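Notes follow the structure.
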Amino acid sequence: MWHPTFCLLLELDIFKAILVEEIEACAEVKGLLKKKRYERSVCQHDQASQSSSK
């Protein structure tokens, strides 16, 4: 039989691992969204400058 404290620590480690994965995934998504927004704004800026130069 496992000691109750060990079981709690094991559950805590599992919870922390899941939480870290979720945080990393969230940060990655935010980074991708920022990159996409930046690319979109650059693209719109390029289109605007091209149409004004015509």
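The values are calculated or read from the model by the stated rules, or taken from the named source; none is laboratory data. It should be emphasised that the depicted structure is a prediction, and the values quoted were computed from it without experimental measurement. Cβ placement follows ideal geometry from the backbone for every residue including glycine, while neighbour counts extend to all protein chains displayed.
Within segment 22-33, identify whether any single residue is at negative phi, aliphatic (A, V, I, L, M) and at pLDDT below 90, and answer yes or no. Break it down into steps so the answer makes sense when it comes.
From segment 22-33, those at negative phi are 22-33; that's our starting set.
The next check asks that each one be aliphatic (A, V, I, L, M); those that pass are 23, 25, 27, 29, 32-33.
When the remaining residues are screened for being at pLDDT below 90, the result is 32-33.
There is at least one residue in segment 22-33 that is at negative phi, aliphatic (A, V, I, L, M) and at pLDDT below 90.
Go through segment 8-38 and give me each residue that's more than 20 Å from the chain's Cα centre (by Cα) and either of a type in the set (A, V, I, L, M, F, W, C) or outside any helix (DSSP H, G or I) (or both). Outline the logic, then answer.
Pass one, segment 8-38, residues more than 20 Å from the chain's Cα centre (by Cα): 8-14.
The answer is 8, 9, 10, 12, 14.
Before we move on, is residue 41 exposed (fewer than 10 other Cβ atoms within 10 Å of the Cβ), without any contact (Cβ under 8 Å) to a residue 60 or more places away in the chain and in a helix (DSSP H, G or I)?
Numbers: exposed (fewer than 10 other Cβ atoms within 10 Å of the Cβ): no; without any contact (Cβ under 8 Å) to a residue 60 or more places away in the chain: yes; in a helix (DSSP H, G or I): yes.
So residue 41 does not fit the description; no.
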